[in-house]
Amino acid sequence: MEIREQQHGAVKAISPQGPLCQADAAEFQKVASGMLSATMGRCVVDLTATPYLDSQGLESLLSLSETLSDSGQLLKLCGVCETVREILELTDLASSFEQFEDITTAVRSFL
Amino acid sequence: MRRMLRQFFPRQTSMISGVLVMNTLIVACAMAALWIVVGEVRREEATRAADRKAIVVAEMLRPDLERAFAEKDLAGARLAIAKAAHAGALSGCRVSLGDGAVVADLDASAVTAKGIPDEFPPLTAEPDSHHSFAIDIPGKGRVLLAIEVAAATARSEWLEYGFGGTCLGAIVLLGVVSVRAQKRATPVTLVQSALSSVQAGEKELAALELADSFGGIAEAWNGMLRELATHRARARFDSVLTRRTEPGERDEVVGKMVDSLWHGVVAVDEEMRIRYCNGAAAVFLSGTRDGLIGTPLLDRISELQAKEKLAALAAAKGRGKIVVETRIGEGDGSAVLRISGKPVSGGGGAMLLIEDVTQQRVADRSRNAFVEQATHELRTPLTNVRLYVEALVEKPDADVSTRSQHLNIINQEVRRLERIVGDMLSVSEIEAGTLKLAIHDIRLPALFSDLEAEFAAPARSKNITLRFDLPPKLPTIVGDRDKLVLALTNVIGNAIKYTPEGGTVKVGVRADDALVVDVADSGIGIAADDADRIFDRFYRAKDPRVEKIVGTGLGLALAREVMRLHGGDVTVQSVPDRGSTFSIRMPLKAPLSMAA
């Protein structure tokens, strides 16, 4: 699975290119976890190119958000498509993340 | 007491046979006490019974002895004594005179008087009315009758022996039961009984230990208890050590509340050692909370000025609030932290609030650079406009061609100003977060057809071969058409602008899992040092050939921002003097018309 990284000032955006499922989810979690640690939490997950995710993908996002919650933060998501948004709402996990319309708004939240 | 007992009776005797041993001791003590008490009571009763019997026997003997002594019938007196002794089961019975001469006795060998005198010497010892009685013989005086009663006393002693024997028997029996119980006890049952004791509230670990003689299970159990004892001791130690920072449940709740803050909160003592820090502070200081407690905060700060300010604050040299900014870490992992501190009133140390202002500082720098560059970019065309307008004003009689040339230049500079201002407005909108995408369906064939038509003339004017390689079928995608056109126009326009005459510009389009537009030119290329920065606002490559070409340095920055808003990006690969390839990538989404 391709995982793209973008630098927006001091903020890193990480963007999985495809569905977050199975082994891809584990790989994504590993990469994102390292990035969160390296940037002290200044990281945004851009899901623009993620059409859907399975339980493992959901778990990887949740795990990242829980890691951040120790320091009073939540994982910032942007570009969430309708399918992923519905998954988050149906599983009652939408409140476990901060959601933004696009990457610019998400990056501005660090100001 | 209990602990002392446990030292002598570990669990293998304490829980089963231990109880028996205790019971044995208790029963033995109780029976011994009972033995003593009953013995005493029996002894007293026997004494009283003997006294009563002696009185009765004495009263029975009195008339017979009075008659026998009055008649000097010694044999009759002795016979009466023998009969009374037999009837009363006496152990001894004696009649003696005042001078001690024994007149009659059950033991004939004890008689010392030869006969009964006419007058009796007076009694030297007074009778006690329990075992000795005075009997008056009319006309002769008094004799002393002594009676010994032994039968009841003997019965009492036997009873005592019985009690003693019973006690000993009980002790022996309990001992035997204890030993048998000990032999029957298994480590598992002992562990079960120990766990039952714990459930019942037993907290003393020494009371739960088993004897090592019970084998591996007992040793493992005891090892576990020792480990638990160590943990308890350590917990007590830690509790004492951190008493000032975690004094109670209430503070724990407050601690959790502070942990929910995304700002770091740190409490330090007079020597700037960390006494408390929340989760966010631990992240900012690149450590764990437990690892940070007790360590000097200043060790984690490298900038001298910040160190000095914080040290003065902790030592209460500064009374008011201080704010310092310091950079920690290096490279991509570095961060700018703003530390606000205030001394704790009434005690040493201080409270610190740590904020991560890295992104703010980056934004500040970017904004300042933007203003500086914008001023510079605006000044150049404005200066040109002013100069040519002044020339026209000063030379009202200039010929038509000169006037026309000046007006053309003024027109170009004004259009340049217009472009700069337009780009700056777009950048400002992005910067302010007010630039929003107007999402619609985009028909790609029509879009690229328009672009091909738009750039055909500029390419032709430079004799550049412009080729669009489009797949036979392009999908309809979702996005902001105007913004996508803006990005493509900037990239394709740059390719034509920086490609020398006679060159080629190829626009390749793919639309598999994402829309990818590769714009490849045979232009001047980009040096590696510049490649990372050409997307910065107002940045222009340090190449003399670039400097000759008019540009604002905002085009590529805008293109990238716009594509990032779509979830995509713009990247570049370039070889100096051979050309560059810009790739515009945008993830595909289902068309809105299909979704509806």
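The table for this structure:
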{"read-out": "Any chance B:SER213 is more than 30 Å from A:GLN73 (Cα to Cα), assigned to a helix (DSSP H, G or I), modelled with pLDDT of 75 or more and of a type in the set (Ser, Thr, Tyr)", "value": "no"}
{"read-out": "Scan of the stretch B:126-139 for residues that are surrounded by 12 or more Cβ atoms within 10 Å (Cβ to Cβ) and modelled with pLDDT under 80, ordered by number", "value": "B:PRO127, B:SER129, B:HIS130, B:HIS131"}
{"read-out": "Which listed residue is surrounded by fewer than 13 Cβ atoms within 10 Å (Cβ to Cβ), at pLDDT 75 or above and among the hydrophobic types (A, V, I, L, M, F, W, C), from B:VAL266, B:VAL258, B:VAL283, B:VAL254", "value": "B:VAL254"}
{"read-out": "Pair list, Cβ < 9 Å and 6+ apart or interchain, from the stretch B:224-245 residues that are in the same structural domain as B:VAL268 (by TED's automatic domain parsing) and modelled with pLDDT of 70 or more to residues that are part of a helix (DSSP H, G or I) and surrounded by 10 or more Cβ atoms within 10 Å (Cβ to Cβ)", "value": "none"}
{"read-out": "Near pairs, Cβ below 8 angstrom, 6+ apart or cross-chain, from the stretch B:112-141 (over 18 Å from B:CYS93 (Cα atoms)) to any residue that is loosely packed, with under 11 Cβ neighbours inside 10 Å", "value": "B:LYS140/B:ASP118; B:LYS140/B:GLU119; B:GLY141/B:GLU119; B:GLY141/B:PRO122"}
{"read-out": "Residue check for A:ARG42: closer than 17 Å to B:ASP356 by Cα and of a type in the set (Lys, Arg)", "value": "yes"}
{"read-out": "Residues being of a type in the set (Ser, Thr, Tyr) and either within 12 Å of another protein chain (Cβ to nearest Cβ) or touching a helix residue (DSSP H, G or I) at 6+ places or on another chain (Cβ under 7 Å) (or both) - total across the stretch B:344-382", "value": "2"}
{"read-out": "Test result for B:GLU418, assigned to a helix (DSSP H, G or I), free of Cβ contacts under 8 Å to residues at least 12 places away in the same chain and within 14 Å of another protein chain (Cβ to nearest Cβ)", "value": "no"}
{"read-out": "Any hit, the stretch B:319-338, residues being more than 10 Å from every other protein chain (Cβ to nearest Cβ), touching a Leu at 6+ places or on another chain (Cβ under 7 Å) and of a type in the set (Ser, Thr, Tyr)", "value": "yes"}
{"read-out": "Which numbered condition B:SER449 fails, given (1) in contact with a helix residue (DSSP H, G or I) (Cβ under 9 Å, 6 or more places away or on another chain); (2) away from chain A (no Cβ under 14 Å); (3) polar (S, T, N, Q)", "value": "(1)"}
{"read-out": "The stretch B:550-596, subset of a type in the set (Lys, Arg) and assigned to a loop (DSSP other than H, G, I, E, B), residue modelled with the highest pLDDT", "value": "B:ARG578"}
{"read-out": "First in the stretch B:32-53 and more than 21 Å from B:ALA87 (Cα to Cα) and in contact (Cβ under 8 Å) with a residue 24 or more places away in the chain, second anywhere and surrounded by 13 or more Cβ atoms within 10 Å (Cβ to Cβ) and aliphatic (A, V, I, L, M), Cβ under 6 Å, 6 or more apart", "value": "B:ARG42/B:LEU159"}
{"read-out": "Sole residue being assigned to a helix (DSSP H, G or I) and under 28 Å from B:ALA557 (Cα atoms), chosen from B:PHE468, B:PHE455", "value": "B:PHE455"}
{"read-out": "Single residue of the stretch B:140-163 satisfying the filter (farther than 30 Å from B:ASP118 by Cβ and at pLDDT 70 or above) that is surrounded by the most Cβ atoms within 10 Å (Cβ to Cβ)", "value": "B:VAL149"}
{"read-out": "Filtered residue count, the stretch B:427-446, keeping only those that are surrounded by fewer than 17 Cβ atoms within 10 Å (Cβ to Cβ) and in a helix (DSSP H, G or I)", "value": "5"}
{"read-out": "Where a residue in the stretch B:167-184 is not assigned by TED's automatic domain parsing to the domain that holds B:MET31 and its partner, wherever it lies, is part of a helix (DSSP H, G or I) and at pLDDT 75 or above, with Cβ under 8 Å and at least six apart", "value": "B:CYS167/B:MET31; B:CYS167/B:ALA32; B:CYS167/B:TRP35; B:ALA170/B:MET31"}
{"read-out": "Residue within the stretch B:515-532 that is part of a loop (DSSP other than H, G, I, E, B), modelled with pLDDT under 80, in the same structural domain as B:ALA453 (by TED's automatic domain parsing) and out of contact with any Leu (no Cβ under 6 Å at 6 or more places or on another chain) present", "value": "yes"}
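Let's see how each residue does on (1) over 60 Å from the mean Cα position of the chain (by Cα); (2) exposed (fewer than 15 other Cβ atoms within 10 Å of the Cβ); (3) among the β-branched types (Val, Ile, Thr); (4) under 15 Å from B:PHE133 (Cα atoms):
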position: B:ALA68; (1), (2), (3), (4): yes, no, no, no
position: B:GLU71; (1), (2), (3), (4): yes, yes, no, no
position: B:GLY76; (1), (2), (3), (4): yes, no, no, no
position: B:HIS86; (1), (2), (3), (4): yes, yes, no, no
position: B:ALA89; (1), (2), (3), (4): yes, yes, no, no
position: B:GLY98; (1), (2), (3), (4): yes, no, no, yes
position: B:ASP105; (1), (2), (3), (4): yes, no, no, yes
position: B:ALA108; (1), (2), (3), (4): yes, yes, no, no
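The values are calculated or read from the model by the stated rules, or taken from the named source; none is laboratory data. None of the values given here were measured: they were computed from a predicted structure. Note: ideal-geometry Cβ built from the backbone for every residue, glycine included; neighbour counts use all protein chains shown.
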